[in-house]
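Structure record follows, encoded as structure tokens.
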Amino acid sequence: MNQDNKHNEILYELFGALCNQTITPEQHQQLEEILSADADARQKYFNYLDLHLNLERMHDEQPVSDYELLIQAPLGSSAHTPVPPGSAVKTASALWLLVSAACLVLVAGFLVFYQKSPVTPQISQEAPQPQSEATSIASVTQTAAVRFAEGSPFLKVGSSIMNRQEYAISAGQLQLIFANGAEVILTGPAVFESQGPDHLAVRYGACSVYAPDGAEGFTVETPLSNVVDYGTRFSVNVSEAGNTDVQVIEGETDVRPVKLNSENDVKSQRLTRGMAQRLTTNNGVVVDDIPFDQMSYVSQLPDRVVSYTTTVGPENRAEDLKCVTVQRGGKSYQYEVENLIGIELTHYKGKSFLTRNDGIDPGNDGNPKTLRRHLLDDDRCLLTGVVNPGGSSSPLTSAPVMNEEEDPAHPNTPGMAIRFREPVVNDVGPDIILFDLQVIVHSTTGDAFYVTPLPFTKTSKTHLIQKFDIDLASPEAKPLEKFWLHIFNQKSGIRSRSELETAKGNGGNWHVVGAKALATGIDLSDLGFAEGETVEGLFIQDVQDDNDVIDPVFIGGLPPLKHTRK
């Protein structure tokens, strides 16, 4: 097999995995790298998405024929055998999906054959046809804390941006890549619509555009202008009134004001690096120079926990963490769970713990290898943990009291403490990851908590975390298998790590309300550490701003980047 054919085979395997929602993080990273570097691969990608979408649409429109009803009867049965309600539809769907899959295979094979063919294709002299309303124009490559406005189509990584379809985000950020290689980051609130492979209409909000070689001519349309790229980086910010700010970070851009009436005809202007303009309306379009603002341009989404993968249980929901993808210093790194720095639970003053759906309480078997604290520090399960630690309405100002057994004269500090099995280095971006089990009817952003470095010193800085990188509304948050909640019989909970292992529980209750695994990164810089400094442990307290309490189910340190392979 020659290299071109091998390349095409890999491409279509990745495309298929993406459309079938079976793509792995490694495959997703590989696909993203190929699309970023290869314009031909991007065109094949958009053609494939367009075909996939049209096949799905055809499937949705298929009627159920008499023939499809007849084939429901088992072989050898009477033609009058009754058909169970809905079974005909299911078989029709299955048949059409088989036909669709066959079509995809045939088209993929044709494209591979076409690449091999030495025959020069005949180029039609007919005028190009306008883009179909349903054509895929761009795709979503990254999201960060994105929220979609009511009524807007929902997008996630890999989703297609359809031609002349309006989208609205109320918060967060969305990164798109167009077929010609143009990259756009939209920051909510924003309303936008693609009007062709090199044309984005921004009705409201901020966007940052990078147009590399080959993407010249990419246009951002606003209510008052068309901003045309000539190989550059620029930002556009549109107010609710349509007023538009344009800032050129690199290269050159034409700003072409729209003509609002017959008397107003403002000429277009060429802006170069460091130039900025504002377009407003006053019986026409008025253009004014404004101070240049480098910070208006968003070059990348923030460092964060991007995604994670897990094993799945009997209900096809998440169970054990397998790997996590984290953006650090603008680059994505994938960590297998066994390569993360493990922890030991050294203190706990709280109320409950979680076990798997078998309901087994490890505190009842007397085995030191299955202590309750190991539900957090020795397993990879996102259903288990020592949860609901105590908290405070204000951050720590002195070292926490953490006796193995509580001294009534000097009560232990509510909360939990962990010690890393090896020190964690403050590197760029997040240095520690924390997963939280969140019941789906609780706060969308997750439960706020304080985190303080240990050992506590005069320079220790407590950091407040109020939202998670992956929260309940994130497309990346995975639904969890069912679990058991064990609550300690003591009304006030337990007071020490020693009591955690010996206190009587209520036997556990099967938790029937669904939950998801939330994730966030902790940057040691936010705790007052300089680059290269290390931390030995953390003290975690719930903020106690409501009735819900943080439920940590996995905590791990990230290796320093010099030991990490991208």
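For region 318-327, 3J(HN,Hα) computed residue by residue from phi via the Karplus equation (6.51, -1.76, 1.60; θ = phi - 60°) reads 5, 10, 9, 5, 10, 7, 9, 9, 10, 8 Hz, glycine and proline entered as x. Counting only Cβ charges, +1 for Lys and Arg and -1 for Asp and Glu, the dipole size of region 304-563 around its Cα centre is about 140 debye. Rounded to the nearest 20, the size of the Cβ-charge dipole of region 136-296 about its Cα centre is 260 debye, with Lys and Arg at +1 and Asp and Glu at -1. Multiplying the residue separation of K504 and V286 by 0.36 nm and removing their Cα-Cα distance gives an extension gain of 71.1 nm. Once the C-beta distance of T459 and H410 is scaled by a Förster radius of 25 Å, the resulting FRET efficiency is 0.55 to the nearest 0.05.
Annotation: lysines with alpha-carbon distance below 17 angstrom to K331 (same-chain offsets under eight excluded): K562, K566.
For region 219-290 and region 451-468, what is the centre-to-centre distance using only Cα atoms, to the nearest Å? If you average the Cα positions of each part, the centres end up 45 Å apart. Its Kirkwood hydrodynamic radius, worked out from the mean inverse distance over all distinct Cα pairs, puts region 138-180 at 10.6 Å.
Taking a straight Cα-Cα cut-off under 30 Å and skipping sequence neighbours fewer than 8 places away in the same chain, the lysines within cross-link reach of K259 are K267.
Taking each of K467/K516; K322/K461; K322/K351; K349/K482; K467/K504 in turn, the alpha-carbon distance tops 22 angstrom for K322/K461; K322/K351; K349/K482; K467/K504. In whole Å, what is the distance between the alpha-carbon centres of region 173-189 and region 306-336? Each part's Cα centre sits 24 Å from the other's. Rounded to the nearest whole Hz, the Karplus-based 3J(HN,Hα) values (6.51 cos²θ - 1.76 cosθ + 1.60, θ = phi - 60°) of region 405-412 follow the sequence 10, 5, 9, x, 6, 9, x, 5, with x at glycine and proline.
Across region 304-563, C-alpha contacts under 8 Å between residues 6 or more apart give a mean separation that, scaled by the residue count, equals a relative contact order of 31 percent. For D436, the residues 5 or more places off, or on other chains, whose built amide H falls under 5 Å of its own are L518, A519, V553.
Only the coordinates and a few stated rules stand behind these numbers; no lab work does. Only a predicted model underlies this, so the values are computations on that prediction, with no experimental measurement involved. In this analysis, Cβ positions are derived from the backbone assuming ideal geometry, glycine residues included, and neighbour counts consider all displayed protein chains.
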